[in-house]
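None of the figures in this text is laboratory data; all of them are computed from the coordinates on show. Only a predicted model underlies this, so the values are computations on that prediction, with no experimental measurement involved. Neighbour counts are summed over all protein chains in view; Cβ atoms, including those assigned to glycine, are modelled from backbone coordinates with ideal geometry.
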Amino acid sequence: MSDLSKRRLKTWIRLLGVTRGAENRLRDYLRREHGTTLPRFDVMAALWRRREGVTMSELSRMLLVSNGNATAVVDRLERDGLVQRESEDGDRRRIRVRLTPVGLTAFEAMAEGHEAEVDAIFANLSETDLETMRDIVMRAGRQA
């Protein structure tokens, strides 16, 4: 294994550690402050971005999860009155899901705090650092 290969491996391990640490902090924040989970937040965020609603297949693709995982989260959100399902064009096999007004309000409250947490996670990075990191991550993502 070359020195560069070893450095890449160490960088990957460090990046994974940073990502997991940040994700754990966000999970803890959402649980403590909003009594919710990161998957629920992610589903609500996707639906907030697409106010007209999305099909379950579209939602799964947006979140990079299986249809079963998306369905389980949507089931719980629907029970809590945060999302609603509607058949599309009278076809009961094609379901569109969207945030309810209560879900929209709840998500916007969560999103404000979530953004503040992310801001705190990256507080020690300058604007230049963030741009450099974004560029590096974008280039690395092209290889994946």
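Across the range 113-130, coupling constants 3J(HN,Hα) worked out from phi with the 6.51/-1.76/1.60 Karplus curve, θ = phi - 60°, read x, 4, 4, 5, 5, 4, 4, 5, 4, 9, 4, 8, 9, 7, 4, 5, 4, 5 Hz, and Gly and Pro carry x.
Between Val83 and Glu78, Thr100, the built amide H atoms are under 5 Å apart, and every one of these is 5 or more places off in sequence or on another chain. Given axes a ≥ b ≥ c from the Cα gyration tensor, I'd like to know whether the range 53-99 is rounded (a/c under 1.5), prolate (a/b larger than b/c) or oblate. Cα axes put the range 53-99 in the oblate bin. To the nearest ten degrees, helix 3-34 and the longest principal axis of the Cα atoms of the chain are 40 degrees apart. Label positions at Arg7 and Arg49, each projected 7 Å from the Cα along the C-beta direction, are separated by 3.3 nm. In the chain, helical runs assigned H by DSSP with n ≥ 4 each contribute -39500 (n - 2.57); averaged across all residues and rounded to the nearest 500, the mean residue ellipticity at 222 nm is -24000 deg cm²/dmol. Each of Gln143 and Glu131 was given a label point 7 Å from its Cα along the Cα-to-Cβ line. The distance between the two points is 2.4 nm.
The three principal axes of the Cα atoms in the chain give end-to-end lengths of 60, 32, 23 Å, sorted in falling order.
DSSP loop GluC sites (Glu not before Pro) in the range 8-67 with at most 10 other Cβ atoms within 10 Å of their Cβ, which ones?
Values: sites: Glu23, Glu33, Glu52, Glu58; in loops: Glu52.
Sites meeting the loop and neighbour criteria: Glu52.
Using the Karplus relation 6.51 cos²θ - 1.76 cosθ + 1.60 with θ = phi - 60°, the per-residue 3J(HN,Hα) values for the range 95-104 come to 10, 10, 10, 8, 5, 7, x, 5, x, 4 Hz, with x marking Gly and Pro.
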